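In what follows, a structure is listed as structure tokens, so that the remarks can point back to it.
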Amino acid sequence: MPDHNFRDRLEALDRCSYKAYKSLRGQHPFASFTLHVDSVQGDPFAAPSRLRVVVPQAIAGFPRRLCDTASRRIALEDYLLRQFHQQAQGYSRHRGSGKSGLIAIAAPSQAMLSRTAVTVSATSVEVRFAVGLPAHGRRIAGRQAAELLCDDLPKLIEQALRYSQLDATAIQAQGDTAETADWLRDQLRDRQLVAFVADGAILPRRSGVDERSLGPAAVPFRSPASLRVSLTRPNGETITGMGIPTGITLIVGGGYHGKSTLLKAIEQGVYNHVPGDGREQVVTTATAVKVRAEEGRSVTGVDVSPFINHLPQGRSTEQFSTADASGSTSQAASIIEAVAAGATALLLDEDTSATNFMIRDRRMQALIAKAQEPITPLVDKVRQLYTDHGVSTILVMGGSGDYFDVADTVIALNEYQAADVTAQARQIAADDRTERQAEGGQQFGSLSPRVVLPDSIDPQRGHRAVSLKVRATDEIRLGLTEIDLSAVEQLVEPGQVKAIAAALVYAQRHYLDGERSLAAVLQAVAVDIAAHGLDCLNDQLNGEFAAFRMQELAAAINRLRTLKTTAPTAASLPQD
Ligand code: ADP
Ligand code: MG
């Protein structure tokens, strides 16, 4: 029996120096799977060893129909990850010094994402995880290693990755949920909607640090009749809810009445959510981007001239750079960057916006002449953004009625209940003119492409050619520089940030040629990932990557403090 062999080998390593574990690198056949030891840690305190198990479908036994569409396959992989994650906690325990005895896999959020930790194909199920190979000090604990890898691991695999051991109904339900959400999101375009919020959805979360559903204490969502949309699936099932049309939508209402909660659910609607989350049928255009003020961020070579002109000291606003943006300039730059990265909808909340970027009322116009105010507020640009560039905006704005003039749809929240108050808002706008001067001209203005220069991205640190570190969903350390992602609010898992870090290096190696525009680079990376999976980003069979959007990769590049850009040469511009 190969199992026996492996057990003997582990026991024979007992009391050897930790380095001897390196001899385990490679494949080990077990009765019902193959174990791959891909990397071995240097000592029991170092980052744990990376292992991979491949179970043939003949043994795992997942019926084809559970993974015959991308939606279902991702849902199944997500389900298996959750099983493995939960069950592994029962086997992970101290078996010596440091991380000895640890069994860990990347923890999932509420979103169902494609991840490298679990892959299901027609022929096999593969799971990647981390193990702390046991030792006492620097001496291998061979018996503990054998117990972990030869007794516990097979049990864990049996419990988490065998169809016959799992809840078939729950797996089916998770697949249905993903398929329905993807179908709903597909309906948005034809119906000219930016987002859909199903009746009965639970939007509030348990707390600011707990993304799970608030549960029975929540008031379920109910659509106002005039915005109600009924969507009937091919199987006859009808789903009703609020459709938010393209164009400009305001979410208004008293403080603490649920405005930001609705917007947050819409922000997260770019992802599918697990059954029980409450937001399973809240879906948003896949390219929607939340934009907020981010004082202090760096901005490089962005044409912010649609929003900002005549800066003090004659600074350029067509290729605007700063190491320390103000609230308003950061928000202007983030909008231009998001649109350049393919956003067709922008999501903004007054809670996290710069007031002077959002509004400039008549009295202020009277006091501070336009010639002394570089900023054209969004209220004068938001409509042009839609008419000139097809970019919709959903805006939480409880504090100013100036937006009534430019809004297509106004949704009021009262006691967490949504009402369509578009007609009243129009009437008020007609009866009570703001008497403000429109600013910033008739057109939104040009969107100039940028080329990212290859030496913007340097992952080297000391003697290491590539040094990447990630802190939660907030920060990437790339070589000697830090990228602050704390204001990039649609990142939900550290695995997304790890994959983005790898994608920065990948983009630099393959596509930053001093010619291609940033948009073209993002496109090329997206095509490669779609064709070859997240594993194409490096050659390490990383088990911690999660799917991310090109909008967030762009956000990371745009926040690099070492970023260098130029305008494209005429030859490198698209020919159409
Ligand atoms: P606003 O942005 O209007 O000031 P928030 O969206 O921040 O309000 O919501 C205020 C509080 O109400 C939050 O604690 C939120 O969790 C809670 N809340 C929001 N929507 C609901 C709901 N449908 N049912 C119960 N509580 C809710
Ligand atoms: Mg709010």
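The values are calculated or read from the model by the stated rules, or taken from the named source; none is laboratory data. If you're wondering where the values come from, they're calculated on a predicted model, not measured in any experiment. Neighbour counts are summed over all protein chains in view; Cβ atoms, including those assigned to glycine, are modelled from backbone coordinates with ideal geometry. We work out accessible area using only protein heavy atoms, side chains counted, and drop any ligands, DNA or RNA first. Shrake-Rupley method; radii C 1.70, N 1.55, O 1.52, S 1.80 Å.
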TODO: Of the numbered conditions (1) modelled with pLDDT of 95 or more; (2) charged (D, E, K, R); (3) surrounded by 13 or more Cβ atoms within 10 Å (Cβ to Cβ), LYS19 fails exactly one; give the number of that condition.
DONE: (3)
- [ ] Can you work out which of the residues in segment 259-275 that are away from ligand 2 (no atom under 16 Å from the Cβ) and over 13 Å from the mean Cα position of the chain (by Cα) is surrounded by the most Cβ atoms within 10 Å (Cβ to Cβ)?
- [x] VAL274
- [ ] Quick one: which residue in SER446, SER400 is within 16 Å of ligand 1 (Cβ to nearest atom), under 19 Å from LEU378 (Cα atoms) and polar (S, T, N, Q)?
- [x] SER400
Open item on the list: Can you pull out every residue in segment 161-210 that is of a type in the set (Gly, Ala, Ser) and part of a helix (DSSP H, G or I)?
Closed with: SER164, ALA168, ALA170, ALA173, GLY175, ALA178, ALA181
Task: Residues of segment 420-449 that turn out to be buried (at least 18 other Cβ atoms within 10 Å of the Cβ) and out of contact with any helix residue (DSSP H, G or I) (no Cβ under 9 Å at 6 or more places or on another chain), as a count - done: 1
Open item on the list: Taking the condition of being touching a residue at least 12 places away in the same chain (Cβ under 8 Å) and under 23 Å from THR169 (Cβ atoms), how many residues in segment 50-69 meet it?
Closed with: 11
Task: Candidates ASP210, ASP182, ASP199, ASP190 - the one that is touching a Gly at 6+ places or on another chain (Cβ under 9 Å) and acidic (Asp, Glu) - done: ASP199
- [ ] Give segment 313-346 a look and list any residue that's among the polar types (S, T, N, Q) and on the phi < 0 side of the Ramachandran plot, or say none.
- [x] SER316, THR317, GLN319, SER321, THR322, SER326, SER328, THR329, SER330, GLN331, SER334, THR344
Task: Residue that is nearest to GLY175 (Cα to Cα), among those in segment 111-131 that are more than 23 Å from the chain's Cα centre (by Cα) and part of a strand (DSSP E or B) - done: VAL125
- [ ] Among residues belonging to segment 71-80 that are among the hydrophobic types (A, V, I, L, M, F, W, C) and over 18 Å from the mean Cα position of the chain (by Cα), point out the one that is farthest from ASP182 (Cα to Cα).
- [x] LEU80
TODO: Having 1 or more residues that are without any contact (Cβ under 8 Å) to a residue 40 or more places away in the chain, more than 16 Å from ligand 2 (Cβ to nearest atom) and open to solvent by less than 20 Å² (accessible area, probe 1.4 Å) is the bar; report the strands (runs of 3 or more DSSP E) wholly within segment 283-402 that clear it.
DONE: 320-322
TODO: Collect the residues in segment 48-78 that are open to solvent by 10 Å² or more (accessible area, probe 1.4 Å) and not in a helix (DSSP H, G or I), keeping them in residue-number order.
DONE: PRO48, ARG50, ARG52, VAL54, PRO56, GLY61, PHE62, PRO63, ASP68, THR69
- [ ] Considering only segment 85-111, state which residues are among the small types (Gly, Ala, Ser), over 25 Å from ASP14 (Cβ atoms) and open to solvent by less than 40 Å² (accessible area, probe 1.4 Å).
- [x] ALA106, SER109, ALA111
- [ ] Please identify the pairs in which a residue from segment 254-273 that is farther than 16 Å from THR285 by Cβ has its Cβ atom under 8 Å from the Cβ atom of a residue that is open to solvent by 20 Å² or more (accessible area, probe 1.4 Å) and near ligand 2 (Cβ under 10 Å from one of its atoms), counting only partners at least 6 apart or on another chain.
- [x] GLY254/GLY398; GLY255/GLY398; LYS259/GLY253; LYS259/GLY398; SER260/ASP351
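Results for (1) over 30 Å from PRO63 (Cβ atoms); (2) in contact (Cβ under 8 Å) with a residue 24 or more places away in the chain, shown as yes or no for each residue.
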position	(1), (2)
LEU149	no, yes
LEU156	no, yes
LEU161	no, yes
ALA170	no, yes
ALA178	no, yes
TRP183	no, yes
LEU193	yes, yes
LEU203	yes, yes
ASN235	no, no
Open item on the list: Of all residues being within 16 Å of ligand 1 (Cβ to nearest atom), crowded, with 19+ Cβ neighbours inside 10 Å and not β-branched (Val, Ile, Thr) in segment 223-256, which is nearest to ALA178 (Cα to Cα)? Just the residue, please.
Closed with: GLY241
Open item on the list: Exactly one condition in (1) under 28 Å from PRO29 (Cα atoms); (2) surrounded by 15 or more Cβ atoms within 10 Å (Cβ to Cβ) is false for ALA201; which is it?
Closed with: (1)
Open item on the list: Given the condition more than 16 Å from ligand 1 (Cβ to nearest atom), within 21 Å of MET358 (Cβ to Cβ) and not small (Gly, Ala, Ser), answer yes or no: does some residue in segment 277-292 qualify?
Closed with: yes
TODO: Tell me which residues, restricted to segment 456-486, are more than 11 Å from GLU552 (Cβ to Cβ), in contact with a Ser or Thr (Cβ under 8 Å, 6 or more places away or on another chain) and in contact (Cβ under 8 Å) with a residue 40 or more places away in the chain.
DONE: SER456, ILE457, ASP458, PRO459, LEU478, THR481
- [ ] Sort through ALA465, ALA507 and tell me the only one that's open to solvent by 10 Å² or more (accessible area, probe 1.4 Å) and either under 28 Å from ALA265 (Cα atoms) or not basic (Lys, Arg) (or both).
- [x] ALA465
